[in-house]
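To keep things clear, I will list the structure first and then write my remarks on it.
The values are calculated or read from the model by the stated rules, or taken from the named source; none is laboratory data. On a predicted model such as this, the values are computed, not experimentally measured, just so you know. Virtual Cβ from ideal backbone geometry, glycine too; neighbours counted across all protein chains shown.
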Amino acid sequence: MKPRFDVRSAGTREPAFMATTSISNPSARPLRSTAAVLAGFLLVVVLSLATDQVLHVLQVYPPWGQPMWDPRLNLLALIYRTIYSIASGYVAASLAPHRPMRHAVVLGVIGTIAGTAGLVATWNLGFGPRWYPVALAITAFPCVWLGGALFARRHDLAQGDNSSSQLDRRSSVSR
């Protein structure tokens, strides 16, 4: 395949796909990919637990270990976890050395598996209404995917492209 040249690589005679890739050492990609997904995962976990702790200290939530049956409090937790999940997909995609949406999808699958495991583990423990862990498991993938899509769209608009698939195609050519 003959490389194409465009404005992003003007004056350098460097192929456009080389100008858009963020990593030059292909052997480092698996490590960078793992780090991108791990960073997204840690972001949602740390932010969720930190917010939970603040709300417990402020006595908005009941003390740790006590059930939380108030649906408004569960909805509050679902809202900030949704926001953090979107942010985690954005972070994973932005740190990905190539194919940002693939990294967001992997993180979304991991989040869905973790949410489902949490659902199964807590089903009969009476920590709160059953809809809450179900909602966490169901929303994990679409929220993380949305974060990845937001990054891909923003990146594509900044690059002057109209589709996120072009970002993945350019990155895959440089492999």
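Assorted remarks:
- Segment 100-112 - residue that is more than 10 Å from residue 152 (Cβ to Cβ) and not small (Gly, Ala, Ser) and, of those, nearest to the chain's Cα centre (by Cα): 107
- Selection status of residue 126, of a type outside the set (A, V, I, L, M), touching a residue at least 24 places away in the same chain (Cβ under 8 Å) and either in a helix (DSSP H, G or I) or surrounded by 15 or more Cβ atoms within 10 Å (Cβ to Cβ) (or both): no
- Pairs with Cβ under 9 Å, 6+ apart, first in segment 95-120 and in contact (Cβ under 8 Å) with a residue 24 or more places away in the chain, second outside any helix (DSSP H, G or I) and charged (D, E, K, R): 98/175
- Check on residue 136, farther than 24 Å from residue 31 by Cβ, surrounded by fewer than 18 Cβ atoms within 10 Å (Cβ to Cβ), of a type outside the set (Gly, Ala, Ser) and at pLDDT 95 or above: no
- When segment 124-159 is filtered for residues that are more than 14 Å from residue 99 (Cα to Cα) and of a type in the set (D, E, K, R), the ones remaining, listed by number, are 130, 154.
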